[in-house]
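Quick notes on the structure that follows.
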Amino acid sequence: MDNVSKKKVKLNRLQLLILYFFLFACIGWLMETSYAIYNLGHFVKRGFLYGPICPIYGYGALILIIILSKYRKNSIKLFFSSVAIFTFFEYIVSFGLDALFGLKWWDYSERFLNINGRISIFHAFAWGFIAILFINHLYPFIKKHVNLILAKIPHKIQVTAISTVLVVFIADTVLSCIRYII
């Protein structure tokens, strides 16, 4: 057997990004759910979808990984870029959910320096600090462990699992949109 046939096949960049999207969307759902349980003392379904993910966290992670990770060594640029991008992103998502479905998933109206209750200065700066923590600590830690786990799983199973979760996510998104439109 030559060296080429011994080489382990790895996920391509798109497949890895899809994996990270779902991983961080699920972590976001867990954080949101834990926060709600802590505040209210009981389980409250969080998020737009039926399933246990909050896509906004997955998309946010992808923005950080794809666009903002180039500022890893420059915390000032990372901070201010994140403040601008995520404040805009949060506003657009809030506006879109409201315009499409008449839903308001968060309301910062009581916060200092808010715009239409969709964004606030506090959350804008929080996104900057979160980005620094994510890019410099959380993502490298998770990436390392994901790679260790993936090294133990056959490539075909990885691709099948990612494809299956993607199909379920698309179906969940369509069904959730129908639920909120009707």
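The values are calculated or read from the model by the stated rules, or taken from the named source; none is laboratory data. Keep in mind that what you see is a predicted model, and the values were worked out from it rather than measured. Methodologically, a virtual Cβ is constructed for each residue, glycine included, from the backbone with ideal geometry; neighbour enumeration extends over all protein chains shown. Accessible surface is based on the protein model in full, side chains and every heavy atom, while ligands, DNA and RNA are left aside. Shrake-Rupley method; radii C 1.70, N 1.55, O 1.52, S 1.80 Å.
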key: the stretch 1-133: Cα Rg divided by the 2.2 N^0.38 Å rule of thumb   = 1.27
request  = Within the stretch 79-107, find all residues whose amide N lies under 17 Å from a label point positioned 7 Å from the Cα of I181 along Cα-to-beta-carbon.
outcome  = 96-103
request  = Quick one: angle between helix 139-150 and the longest Cα principal axis of the chain, in degrees between 0 and 90, rounded to 10, please.
outcome  = 40 degrees
inquiry  = Leaving out ligands, DNA and RNA, and with a 1.4 Å probe, what % of the accessible surface on the stretch 1-83 is carbon or sulfur?
reply    = 66 percent
inquiry  = As I understand it, the value is the acute angle between the Cα axis of helix 155-181 and the longest principal axis of the Cα atoms of the chain; what does it come to in degrees, rounded to 10?
reply    = 20 degrees
task = Given a cut-off of 21 Å, name the pairs among K70/K156; K10/K152; K73/K152 whose C-alpha atoms lie farther apart than that in the structure shown.
result = K70/K156; K73/K152
query = Computed FRET efficiency, Cβ-Cβ of I121 and Y50, R0 30 Å: what is it to the nearest 0.05?
reply = 0.35
note = Note on the stretch 81-182: C-alpha Rg/Rh, Kirkwood Rh, two decimals, gives 1.10
query = For a paramagnetic label modelled at 7 Å from the Cα of H145 toward its Cβ, which residues of the stretch 30-59 fall within the zone defined by backbone nitrogen distances under 17 Å?
reply = 30-32
inquiry  = How much accessible area per residue does the stretch 26-182 have, counting only protein heavy atoms and a probe of 1.4 Å, in square angstrom?
reply    = 63 Å²
query = So which GluC sites (Glu not before Pro) in the stretch 17-126 are both in a DSSP loop and have at most 15 other Cβ atoms within 10 Å of their Cβ?
reply = E110
inquiry  = Just to confirm a number: summing +1 for Lys and Arg and -1 for Asp and Glu over residues other than I92 whose beta-carbon lies under 12 angstrom from that of I92, what do you get?
reply    = -1
